[in-house]
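Okay, so here's the structure we're looking at.
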Amino acid sequence: MKAPPRVWIGAILVAAALLLLPFALAYAGTAWVRIANFAILYIMLALGLNIVVGFAGLLDLGYIAFYAVGAYVYALLASPQFNVHLPFWIILPIGAAVAALFGVILGAPTLKLRGDYLAIVTLGFGEIIRIFLNNLSRPVNITNGPQGIAGIDAFSFGAFSFAKPQSLLGLDFSGPIKYYYLLLALAVAVIVINIRLQNSRIGRAWEAIREDETAARSMGIDTTRLKLLAFAMGASFGGLAGGMFSAMQAFISPESFVLVESIMIVSMVVLGGMGNIWGVIVGALLLSFVPEILRWTVTPLQEALFGRMLIEPEVIRMLLFGLALVLIMLFRPAGLLPSAVRKRELAASGEAPLVDARL
């Protein structure tokens, strides 16, 4: 079916805006380009978790563990820690594969668990990975413990480095701007893979498992294999994002992979709309940019109104974050942009009368 011209025009305008965005943000400061880069990382993480939570209906509160695995794989293979400096295009697939393996390791013993029990096990898995990374410095120093790994190699092609500013066609490309375009390309690839998965036989089988696993099994769906595949696919995107994070920061430590980060990623999926790729992207963007906007505006606003800062920006950020989640659960339990299947599920169960009344 051929798309109407307005669709192509809209796609071209969005693409142009995304290509020009880092230069517009650079006028406000390089920090905003970095914030945009982390927003794209969160989009990749949220889309990976959406496969597990949104498509297959498996609650995972330890997703940050796969992010950590990908980050440490890159750090160990591209730093002075072991004096190994492999090219990034070799390490990133390795990190994604290792993260997928850990996803299978997590999924295998949890195949018969559902709901709260699955959430507790995955939460424990995430904490176990962080504690291991924090303690694998003795008797053999592997991760350098709580001190973390520094001096991690940036992405480079020969003499071209993503960490160094360069000029091209009269435009100044800083390191964060270079990483922005690479992250954008990877995010587009992840989105395309998600769309293809959702519209495939595998995606429909995941939806069947999410709606009723017993009925799906009785219809001949291999629920064991497909649940493990969901864990592996979701974890691989987390590992890919972790490798990007490691290269961008040039330093990582276990403190970057705490439970709060897992909760934040789950919140992005729930806020945007579980099972809806575009909704998840919206949720990731909101929870990436809004806290930073508050960080930059709350303090000046309080000083202008009261002459001093009464409440720390971090406290206000968490208060608004909690309030937003409460309001979403009350008035739009399917998320800001829910999937059509999710809306029908909630409507059939009688859990979302307010949602249907507004739609």
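Stokes-Einstein diffusion for the range 90-135, with the hydrodynamic radius set to the Kirkwood value over Cα pairs and evaluated at 4 °C in a medium of 1.567 mPa s, equals 110 µm²/s. Computed from the Kirkwood radius of its Cα pairs, the Stokes-Einstein diffusion coefficient for the chain at 25 °C and 0.890 mPa s stands at 113 µm²/s. The Stokes-Einstein estimate for the range 168-239, based on a Kirkwood radius over Cα pairs and taken at 4 °C with 1.567 mPa s viscosity, is a diffusion coefficient of 88 µm²/s. When the helices of the chain are scored as -39500 (n - 2.57) per DSSP H run of n ≥ 4 and the total is divided over every residue, the value at 222 nm lands at -23000 deg cm²/dmol. When the Gaussian network model of the chain links Cα atoms closer than 10 Å, the mean-square fluctuations of 244, 268, 309 top out at 309. Computing FRET efficiency as 1/(1 + (r/R0)^6) for residue 305 and residue 250, where r is the C-beta to C-beta distance and R0 is 45 Å, gives about 0.70.
Rounded, prolate or oblate: which one fits the range 62-211, using the alpha carbon gyration tensor with axes a ≥ b ≥ c (rounded when a/c is under 1.5, else prolate when a/b beats b/c, else oblate)? Cα axes put the range 62-211 in the oblate bin. Helices of the chain meeting both criteria, an alpha-carbon length of 18 angstrom or more along the long axis and an average Kyte-Doolittle score not below 0.5, with helices taken as full DSSP H segments, are 5-28, 30-50, 64-77, 88-107, 115-135, 175-198, 223-249, 259-272, 277-306, 313-331. What the pair-distance distribution of the range 1-44 shows, using all Cα-Cα distances binned every 10 Å from zero, is 26, 36, 26, 11, 1 percent. Averaged per residue, the chain has 50 square angstrom of accessible surface, using a 1.4 angstrom probe with ligands and nucleic acids left out. Over the C-alpha atoms of the range 254-328, the Rg to Rh ratio, Rh being the Kirkwood estimate, stands at 1.05. So what is log10(I(q)/I(0)) for the range 26-136 at q = 0.12 1/Å, when the Debye sum runs over its Cα atoms only? Each listed q corresponds, in turn, to -0.52. For residue 105, the accessible surface of its heavy atoms amounts to roughly 90 Å² (probe 1.4 Å, protein chains only, rounded to the nearest 10). Straight-line reach from residue 164: taking Cα to Cα under 13 Å and skipping same-chain neighbours fewer than 8 places apart, the aspartates and glutamates in range are 153, 172. Charge dipole of the range 260-345 (Cα centre as origin; +1 on each Lys and Arg Cβ, -1 on each Asp and Glu Cβ, all else neutral): 360 debye, rounded to the nearest 20. This model, with +1 at the C-beta of Lys and Arg and -1 at the C-beta of Asp and Glu, gives the chain a dipole about its Cα centre of some 680 debye.
Share of carbon and sulfur in the accessible area of the chain stands at 69%, probe radius 1.4 Å.
Once backbone amide H atoms are built at 1.01 Å from N, residue 173 has 166, 167, 168 as its partners under 5 Å, excluding neighbours fewer than 5 places away on the same chain.
The values are calculated or read from the model by the stated rules, or taken from the named source; none is laboratory data. In this text the structure is predicted, and so the values were computed from the model without any measurement. All Cβ positions, even for glycine, are placed from backbone atoms using ideal geometry, and neighbour counts span all protein chains on display. The protein model used for the area step is the full one, side chains on, heavy atoms only, and it has no ligands, DNA or RNA in it. Shrake-Rupley method; radii C 1.70, N 1.55, O 1.52, S 1.80 Å.
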